[in-house]
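Trainee: Quick one: the structure is below, questions incoming.
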Amino acid sequence: MTIQSVLLPSAKGTALRPFQARAVNALLKGCNVVCVAPTGTGKSRIYQEYLGRKPKRAIIVTPLNSLGGQIERQMCALAFRQVDIRDSGFVTSLTDTEVSSFLVLTPERLFHEANQSRIAAFEPELIIIDEAHCIFDWGKSFRPQFSELLRLHDWFPTIQSLWLSATLTRENLVQLRAYLESSFANTLEFELTLGISDQIELSFVNLNWQARLNFLKNHLIGANKKTCGIIFSSSRLKVEALAQRLKLSGVNCQFFHAGMSIEEKASVLKRFSSGDIEVLVSTVAFGMGMDFSGIEWVVLFEPLHSIASTVQALGRSGRANIGRAFCFFEESDWLSHRFESENERCRLVRLYTSFQCRRVHLMRELWGAESVKYSHCRDFHSAFCDNCK
Ligand SMILES: [Zn+2]
């Protein structure tokens, strides 16, 4: 079944992306859903779409008041009804059941004794845990109320739940899965797309060093066309040398790495985002939190140090539109480069030489084979990898 957008004025006419549609479908079937997807890909659209289709009373749990404010403004703009439990008359305002109503709370406010009777009177049917990795990052000591979210059904025995994160690790996913499976039995769905957007065409290309430069010039950096891409390399020295080499052959590029001053980095990023620089040659310092939506292609000029850094680099493309990613390698790279560990080197060799779907292979490396029920790019309705073409 394909779900078209029914709701968002800001996205009118645009279909849901495949991972959003699958998560909305699972919610409509009554499942509890865990969705791990990169920042900027539209995780909040999942519950907005669901609440638009099926009126519910929902609690949205968020770690920060500033994030909560953003969520409230978005939800109000979509004409959902915001509820304020501090207002003693709030329950009487809920007689209209045609529209979803919502409460945005931090875990501290959600579990605070003084709020319990009012939250119970709200009779929540759905709870959305935004930034679910905070349960594990902060729950142990910094903000212990986060860990109460792993006893959610003790508080709300019949509530449906949606857990969203961009950075849940495999270890934390295992813990979350164990909790949810013990609490919600057969009605659990996982949607895991971390790092690799469903909009990336992914290719692994066996080339020597000179052929890599030729490939760039022939396929990505045409003399007469404007482009926007990032070339990742594994060290600061290599990044600077490669940028120099490309500049000499007329490419509008600049290097970027963690050894630069804050001012230098800010200036390069600003020029890159404005289109003043077309190609950035970077270490993985260009990474998380840098939400540039217009990057057309990403090249890993040689294998990076680990699977995690590979995923992070690939995740820079395919955010707003279809993106292309190319991973260059040759046999000697596996002997001459430095890797995070021998284990990481072996994992990367397996990925680069695999004949199965690259997307599935990466997801299995990240989440474990048992978590990934897909086998082909078709299963994601995504852009294809080279092995699925
Ligand atoms: Zn594939």
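Trainee: Looking at F286 and the list (1) away from the ligand (no atom under 16 Å from the Cβ); (2) more than 17 Å from the chain's Cα centre (by Cα), which single condition is not satisfied?
Mentor: Unmet condition: (2).
Trainee: Just the residues that are surrounded by fewer than 18 Cβ atoms within 10 Å (Cβ to Cβ) and under 12 Å from Q356 (Cβ atoms), please, taken from the stretch 369-378.
Mentor: Matches in the stretch 369-378: A369, Y374, S375, H376.
Trainee: Follow-up question, since we're still on this one. Kindly establish whether L173 is crowded, with 17+ Cβ neighbours inside 10 Å and closer than 30 Å to R324 by Cα. Outline the logic, then answer.
Mentor: Details: crowded, with 17+ Cβ neighbours inside 10 Å: yes; closer than 30 Å to R324 by Cα: yes.
Yes; evaluated as a whole, the condition is true for this residue.
Trainee: Within the stretch 245-284, which residues are of a type in the set (D, E) and touching a strand residue (DSSP E or B) at 6+ places or on another chain (Cβ under 8 Å)?
Mentor: Taking the stretch 245-284 first, the residues of a type in the set (D, E) are 263-264, 276, 278.
Matches in the stretch 245-284: E278 only.
Trainee: How do the helices (runs of 4 or more DSSP H) wholly within the stretch 290-389 filter down when requiring 1 or more residues that are away from the ligand (no atom under 13 Å from the Cβ) and under 16 Å from the mean Cα position of the chain (by Cα): which remain? Let's see the steps before the verdict.
Mentor: Working: elements: 307-314, 333-336, 342-352, 358-367.
Answer list for the stretch 290-389: 307-314, 358-367.
Trainee: Looking at (1) in the same structural domain as T283 (by TED's automatic domain parsing); (2) at pLDDT 90 or above; (3) touching a Leu at 6+ places or on another chain (Cβ under 6 Å), find the lone condition where C385 falls short.
Mentor: Among (1) in the same structural domain as T283 (by TED's automatic domain parsing); (2) at pLDDT 90 or above; (3) touching a Leu at 6+ places or on another chain (Cβ under 6 Å), C385 violates only (1).
Trainee: Find all pairs meeting these conditions: Cβ atoms under 8 angstrom apart; at least six residues apart or on different chains; first residue within the stretch 222-245 and assigned by TED's automatic domain parsing to the domain that holds S273; second residue of a type in the set (K, R).
Mentor: Once the first residue is assigned by TED's automatic domain parsing to the domain that holds S273 and sits in the stretch 222-245, its partners that are of a type in the set (K, R) give I230/R316; S234/R338.
Trainee: If S161 passes every condition in (1) surrounded by 21 or more Cβ atoms within 10 Å (Cβ to Cβ); (2) out of contact with any Pro (no Cβ under 8 Å at 6 or more places or on another chain); (3) under 21 Å from G69 (Cβ atoms) but one, which one does it miss?
Mentor: (3)
Trainee: Which of the residues spanning the stretch 118-130 are buried (at least 16 other Cβ atoms within 10 Å of the Cβ) and not in a helix (DSSP H, G or I)? Walk me through it before giving the result.
Mentor: To start, the set of residues in the stretch 118-130 that are buried (at least 16 other Cβ atoms within 10 Å of the Cβ) comprises 118-119, 122, 124-130.
Residues satisfying the conditions are P124, E125, L126, I127, I128, I129, D130.
Trainee: Would you confirm whether any residue within the stretch 294-304 is in the same structural domain as F232 (by TED's automatic domain parsing), free of Cβ contacts under 8 Å to residues at least 24 places away in the same chain and among the small types (G, A, S)?
Mentor: Restricting attention to the stretch 294-304, the residues satisfying the condition of being in the same structural domain as F232 (by TED's automatic domain parsing) are 294-304.
From what's left, free of Cβ contacts under 8 Å to residues at least 24 places away in the same chain: none.
No - not one qualifying residue is present in the stretch 294-304.
Trainee: Moving on. Can you tell me which of (1) more than 20 Å from the chain's Cα centre (by Cα); (2) part of a loop (DSSP other than H, G, I, E, B) is the one K270 doesn't meet?
Mentor: Exception for K270: condition (2).
The values are calculated or read from the model by the stated rules, or taken from the named source; none is laboratory data. In this text the structure is predicted, and so the values were computed from the model without any measurement. Every residue, glycine among them, receives a Cβ derived from its backbone with ideal geometry; neighbour counts consider all protein chains shown.
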